[in-house]
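**Student:** One structure coming up, written as structure tokens, with questions to follow.
The values are calculated or read from the model by the stated rules, or taken from the named source; none is laboratory data. If you're wondering where the values come from, they're calculated on a predicted model, not measured in any experiment. Cβ placement follows ideal geometry from the backbone for every residue including glycine, while neighbour counts extend to all protein chains displayed. Only protein heavy atoms, including side chains, enter the accessible area calculation; ligands, DNA and RNA are left aside. Shrake-Rupley method; radii C 1.70, N 1.55, O 1.52, S 1.80 Å.
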Amino acid sequence: LHGAAGKQGARDAWEKSFAAFQAREHSKQREERNRKRMGALIGKRHAFLESMTYISGEREIKSRGKVCLGLHGYEIQLTELLFEGVLDQADPPALCGLVAGVIHESRRREEFSSHALKPMRGLLRSARRAINYANEMEVAAGLQGSLKNIDEAMVPAIYEYAMGRTFEDMGGFTNAAPGDFVRVARMVVQYLRHLQKVCRQSGMDKLHDCAGEATKLIYRGPVDV
């Protein structure tokens, strides 16, 4: 190298080579740190799911876990509301409102008529309690409490629509744009269908029928395309 590149060239080549070596070593160290971090995270997540009776031992998936696998988004929240009996307390319109509370995430301050929540206050309280407990168990397992809790902003509008109010009435129950209401209502339908499926597979006939009736109540007008 010295004969081909000269003294300075050799020095430059050595420095580049040393820099490349350091980069490789640092990369290996980063990979190892990331591998350990991911392993620790998986271990904590496993501990959380085991403490919540979703899984057991090396391979067993328990009833909660099987239901969780059949849901797509907000799985822990909906599974907890199902197994803690909160969903069973709801009639079809209230089930629509509960699902809306689970899946909706307000982007701005959304105002609504507070009296519209009166028929659902007890259910919403129970739902928050169940999700709070799951969050506490996450923290106890060494994780951050990551489960979104109930967001009431769209609950009154979805509930009242399921009770038979017209699309034009919705302005009295939410200040969200009409398109936002329709989007959330369609998402509620989607999650109700997920619930129907897992209830059918698990033999939960009462909740299966309630979810089916709830779907019919809300899947109408502009929500039904």
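**Student:** Please name all residue pairs, on different chains or six or more residues apart, with Cβ atoms under 7 Å, provided the first residue is in region 139-156 and is farther than 24 Å from ALA177 by Cβ and the second residue is in a loop (DSSP other than H, G, I, E, B).
**Tutor:** From region 139-156, the pairs are VAL139/GLY145.
**Student:** Select, from VAL189, VAL184, VAL155, the only residue that is part of a helix (DSSP H, G or I), touching a Ser or Thr at 6+ places or on another chain (Cβ under 6 Å) and crowded, with 16+ Cβ neighbours inside 10 Å.
**Tutor:** Values: VAL184 fails: touching a Ser or Thr at 6+ places or on another chain (Cβ under 6 Å); VAL155 fails: touching a Ser or Thr at 6+ places or on another chain (Cβ under 6 Å).
Result of the check over VAL189, VAL184, VAL155: VAL189.
**Student:** Still on this structure, I have one more. With the requirement that a residue be more than 11 Å from ALA116 (Cα to Cα), in contact with a Pro (Cβ under 6 Å, 6 or more places away or on another chain) and in a helix (DSSP H, G or I), what does region 158-181 give you?
**Tutor:** Initial filter on region 158-181 (more than 11 Å from ALA116 (Cα to Cα)): 161-171, 175-181.
This time we only want the ones that are in contact with a Pro (Cβ under 6 Å, 6 or more places away or on another chain), so: 162-163, 167.
Matches in region 158-181: ALA162, PHE167.
**Student:** Then there is this: Considering only residues that are modelled with pLDDT of 70 or more, among the polar types (S, T, N, Q) and either exposed (fewer than 10 other Cβ atoms within 10 Å of the Cβ) or within 30 Å of ALA141 (Cβ to Cβ) (or both), which ones fall in region 1-36?
**Tutor:** GLN29, ASN34 - these are the residues of region 1-36 that are modelled with pLDDT of 70 or more, among the polar types (S, T, N, Q) and either exposed (fewer than 10 other Cβ atoms within 10 Å of the Cβ) or within 30 Å of ALA141 (Cβ to Cβ) (or both).
**Student:** Could you tell me which numbered condition ALA47 fails, if it satisfies all but one of (1) touching a helix residue (DSSP H, G or I) at 6+ places or on another chain (Cβ under 6 Å); (2) over 25 Å from GLU213 (Cβ atoms); (3) in a helix (DSSP H, G or I)?
**Tutor:** Condition not satisfied by ALA47: (1).
**Student:** Right, here's the next one. Would region 133-146 turn up any residue that is open to solvent by less than 80 Å² (accessible area, probe 1.4 Å), polar (S, T, N, Q) and farther than 19 Å from LEU71 by Cα?
**Tutor:** The answer is no; no qualifying residue exists.
**Student:** Which members of region 168-207 meet the condition of being more than 21 Å from the chain's Cα centre (by Cα) and under 17 Å from GLN89 (Cα atoms)?
**Tutor:** MET204, ASP205, LYS206
**Student:** Is it true that some residue in region 37-53 is touching a Phe, Trp or Tyr at 6+ places or on another chain (Cβ under 7 Å), under 30 Å from LEU207 (Cα atoms) and either open to solvent by 40 Å² or more (accessible area, probe 1.4 Å) or modelled with pLDDT of 75 or more (or both)?
**Tutor:** Applying the first criterion (touching a Phe, Trp or Tyr at 6+ places or on another chain (Cβ under 7 Å)) to region 37-53 yields none.
Looking through region 37-53, none of the residues is touching a Phe, Trp or Tyr at 6+ places or on another chain (Cβ under 7 Å), under 30 Å from LEU207 (Cα atoms) and either open to solvent by 40 Å² or more (accessible area, probe 1.4 Å) or modelled with pLDDT of 75 or more (or both).
**Student:** Looking only at residues that are in a helix (DSSP H, G or I) and modelled with pLDDT under 85 in region 86-130, which one is surrounded by the most Cβ atoms within 10 Å (Cβ to Cβ)?
**Tutor:** ALA116
**Student:** So, in region 55-78, how many residues would count as being touching a Lys or Arg at 6+ places or on another chain (Cβ under 8 Å) and without any contact (Cβ under 8 Å) to a residue 24 or more places away in the chain?
**Tutor:** Quick first cut of region 55-78, residues touching a Lys or Arg at 6+ places or on another chain (Cβ under 8 Å) only: 55-56, 70, 74, 77.
Keeping just the survivors that are without any contact (Cβ under 8 Å) to a residue 24 or more places away in the chain gives 55-56.
So the count comes out to 2.
**Student:** Look through region 161-181, keep the residues that are touching a residue at least 60 places away in the same chain (Cβ under 8 Å) and not aliphatic (A, V, I, L, M), and return whichever of them is surrounded by the fewest Cβ atoms within 10 Å (Cβ to Cβ).
**Tutor:** From region 161-181, those touching a residue at least 60 places away in the same chain (Cβ under 8 Å) are 161-163, 173-176; that's our starting set.
From the residues that got through so far, the ones that are not aliphatic (A, V, I, L, M) too are 161, 173-175.
On the way: TYR161: 27, PHE173: 22, THR174: 24, ASN175: 15.
Here the residue is ASN175.
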